[in-house]
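We did not get these values from a lab; they are worked out from the coordinates using the rules stated. Keep in mind that this is a model prediction, so the values were computed, not measured. Methodologically, a virtual Cβ is constructed for each residue, glycine included, from the backbone with ideal geometry; neighbour enumeration extends over all protein chains shown.
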Amino acid sequence: MLSKRGCKYKYFFILTGKLFLFRYYFYIASHSHPEMRLRFEIEYTLNTPTRVLFDRLSTSEGLAEWFADNVTVDGDIYTFWWDKTGARARLIYVRENKSVRFDWLDFADTETNFFEFRLIIHELTGDTALMITDHADEDEVEDAKDLWDTQISSLKKVLGLTE
């Protein structure tokens, strides 16, 4: 069993590691060649009411609970903050309780500069799934997926879901 001090250090390393991964991801993404970036999708089952989940994906307050340390909004420009590092994205569209798409402003290529959240209700089971579309260099796709796994783990905690 970890002491309170041990837990404190464990969370410090998790947060520090998460910050490092985001900085590394944004560095790689902004310095890569668009023709080398691959689109990938990841699906997570999150059995929670669609409205509750959608608020965590589409509002600055909801995104600040799990995706970034802080999120500020100026019109349709969202700035995601991790520690003192900010990344700006334009909110491209919101389809109520269905999907949200952001375009990163720091990337020149318009085909591979976005990430998208889509909510899917599986007809047979009634389960709610979150489909994430993102892009990464071919040799960085697994790292990007690991980063999303970490983020979704945080989202599950915010939603009160078990792993």
Quick check: Cα centre of the range 72-134 to Cα centre of the range 139-163, how many Å? 15 Å
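Which order do peptides 156-162, 56-62 fall in by mean Cβ count within 10 Å, highest first?
In decreasing order of mean packing, 156-162, 56-62 become 56-62, 156-162.
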Residues listed by number, the range 37-63, amide nitrogen under 19 Å from Ile121 label point at 7 Å toward C-beta: 44-58
Net charge, Leu63 excluded, C-beta distance under 13 Å - Lys, Arg +1, Asp, Glu -1: -3
Quick one: which residues, 5 or more positions from Leu105 or on another chain, have an amide H under 5 Å from its amide H? H modelled 1.01 Å from N in the peptide plane, none for Pro or chain starts. Arg88, Ala89, Arg90
Table column - 3J(HN,Hα) (Hz), the range 133-142, Karplus curve with 6.51, -1.76, 1.60, x for Gly and Pro: 10, 8, 9, 7, 4, 3, 7, 10, 4, 5
